[in-house]
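Worksheet: one structure, shown below.
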Amino acid sequence: MASSHTVLMRLVASAYSIAQKAGTIVRRVIAEGDLGIVEKTCATDLQTKADRLVQMSICSSLARKFPKLTIIGEEDLPPEDVDQELIEDGQWEEILKQPCPSQYSAIKEEDAGPAAVLGRTIWGVLGLGAFGFQLKEVPAGKHIITTTRSHNSQLVTDCVAAMNPDDVLRVGGAGNKIIQLIEGKASAYVFASPGCKKWDTCAPEVILHAVGGKLTDIHGNALQYNKEVKHMNSAGVLATLRNYDYYASRVPESVKNVLVP
């Protein structure tokens, strides 16, 4: 019975099933061929039909099962009368079989926050590990930087160059960049810009930390995710699976002076 499991493990098990549902929604919208794109604030800040439906599915599914949970989403939170077809009520049984780390056994619903990476469903809990991928590392001595594909600027260019990279990978999505770190395709994620937000880094950071990696802002400050903090990661992102201190030491002071926490 669900009540025999801790709040955290029930939440993660639900988030896994909801993430899979969200992936199905995205694939269906793509197959239909009409992305329903609208501008949110400007021509570079776009929202698709998939964005809207996924937000409705995730928020509504979580809210019904965990009514005290604080949910902060990228899009406007959905109304209560969401189409039942978007609701996912299941829980991933393999997660419920895992032991809850003792430090989280007494966590309450109102103190928790869900984290699920869409696409391939990868999940993790600090103290338990991360699952759904094969952990690999970039060969020793190689410095491969993953950074933004669509938000490049002089600050980003200067910071990446200061890492003395052997190669630079420009890809979209914070989650995608973290996957590159944990699958051995990149050694550092460097984003010297205020262009991403808490919902971009929250779930990927859980996965990275669960396997021993580290994610901070450009100054080395840990990102905060409580409901009172601002949503913008105004001082950028620096993340690695290993050798964090090497990359942190190479961030130019000129970059730090511009990106204020």
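The values are calculated or read from the model by the stated rules, or taken from the named source; none is laboratory data. The shown structure was predicted, so the numbers you read here are calculated from the model rather than taken from an experiment. Every residue, glycine among them, receives a Cβ derived from its backbone with ideal geometry; neighbour counts consider all protein chains shown. Accessible surface is based on the protein model in full, side chains and every heavy atom, while ligands, DNA and RNA are left aside. Shrake-Rupley method; radii C 1.70, N 1.55, O 1.52, S 1.80 Å.
Structure notes:
- Flag if HIS209 is closer than 29 Å to GLY141 by Cα, touching a Lys or Arg at 6+ places or on another chain (Cβ under 7 Å) and either modelled with pLDDT of 95 or more or among the aromatic types (Phe, Trp, Tyr) (or both): no
- Of all residues in segment 124-156, those satisfying the criterion of being under 30 Å from VAL258 (Cα atoms) and among the basic types (Lys, Arg) are LYS142, ARG149.
- Residue in segment 121-137 that is free of Cβ contacts under 8 Å to residues at least 24 places away in the same chain and either in a helix (DSSP H, G or I) or surrounded by 16 or more Cβ atoms within 10 Å (Cβ to Cβ) (or both) present: yes
- Residue count, segment 224-251 (criterion: modelled with pLDDT under 95 and touching a Cys at 6+ places or on another chain (Cβ under 9 Å)): 3
- Qualifying residue in segment 239-255 (condition: within 14 Å of the chain's Cα centre (by Cα), under 15 Å from TYR189 (Cα atoms) and part of a strand (DSSP E or B)): yes
- Residue check, LYS108 surrounded by fewer than 19 Cβ atoms within 10 Å (Cβ to Cβ) and at pLDDT 95 or above: no
- Residues of segment 176-225 that are in a loop (DSSP other than H, G, I, E, B) and among the aromatic types (Phe, Trp, Tyr): TYR225 alone.
- Out of ALA192, ALA186, one residue alone is within 30 Å of ILE95 (Cα to Cα), open to solvent by less than 50 Å² (accessible area, probe 1.4 Å) and not basic (Lys, Arg). It is ALA186.
- Against the criterion of being assigned to a loop (DSSP other than H, G, I, E, B), over 27 Å from LEU135 (Cβ atoms), at pLDDT below 95 and touching a Ser or Thr at 6+ places or on another chain (Cβ under 9 Å), VAL260 qualifies.
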